[in-house]
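A.B. asks: This is the structure, below, for whatever I ask next.
Derivation of every value follows stated rules applied to the coordinates shown; laboratory data play no part. In this text the structure is predicted, and so the values were computed from the model without any measurement. For neighbour counting, all protein chains shown are included, and Cβ atoms are generated from backbone atoms with ideal geometry for every residue, glycine included.
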Amino acid sequence: MLQVLTNLLTLKALSTPVEVYAGLALVWLLMLAAGLASVAGRSWPLMLKLFWFAVLIFLPVAGMALYCLCCLCLADYSFLRVLGLGRSHTRRLIAKRPERRVKGVP
């Protein structure tokens, strides 16, 4: 009994059930399907789409991370201007900001 408690507290899995692997496989397949659908829906050339298909299929975790990074870099952030968070709005705020002078400093 002491060995069972020790394994529980040290998180040593002596036998991982098949259901855990099946669940991980299902999550990976759903993420893969979402990534492939996203790539297929883009207006990219065929060779670029095939490249991303291969990256997503053969590099499961790293491929998803790279594709997410690519999507973030290519995203359209124009909606942020409506919220006042765009780059042009930030430049306007900096230009309108009055200079602060500290007393005693020329």
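A.B. asks: Each residue of the stretch 20-32 in turn: what ³J(HN,Hα) in whole Hz from Karplus with 6.51, -1.76, 1.60 and θ = phi - 60°, glycine and Pro shown as x?
C.D. replies: Computed from phi, the couplings for the stretch 20-32 are 5, 5, 5, x, 5, 5, 5, 4, 5, 5, 5, 5, 5 Hz.
A.B. asks: Using 0.36 nm per residue, how much length does the chain from A37 to L83 gain when fully extended, once their Cα-Cα distance is taken away?
C.D. replies: Extra length available between A37 and L83 comes to 13.6 nm.
A.B. asks: Using R₀ = 22 Å, calculate the FRET efficiency as 1/(1 + (r/R₀)^6) where r is the Cβ-Cβ separation of A22 and C71; round to 0.05.
C.D. replies: Taking R0 as 22 Å, the efficiency between A22 and C71 is 0.15.
A.B. asks: Rounded if a/c is under 1.5, else prolate if a/b is larger than b/c, else oblate: which is the stretch 35-77, with a ≥ b ≥ c the root eigenvalues of its Cα gyration tensor?
C.D. replies: Taking the square roots of the gyration eigenvalues as a ≥ b ≥ c, the stretch 35-77 is oblate.
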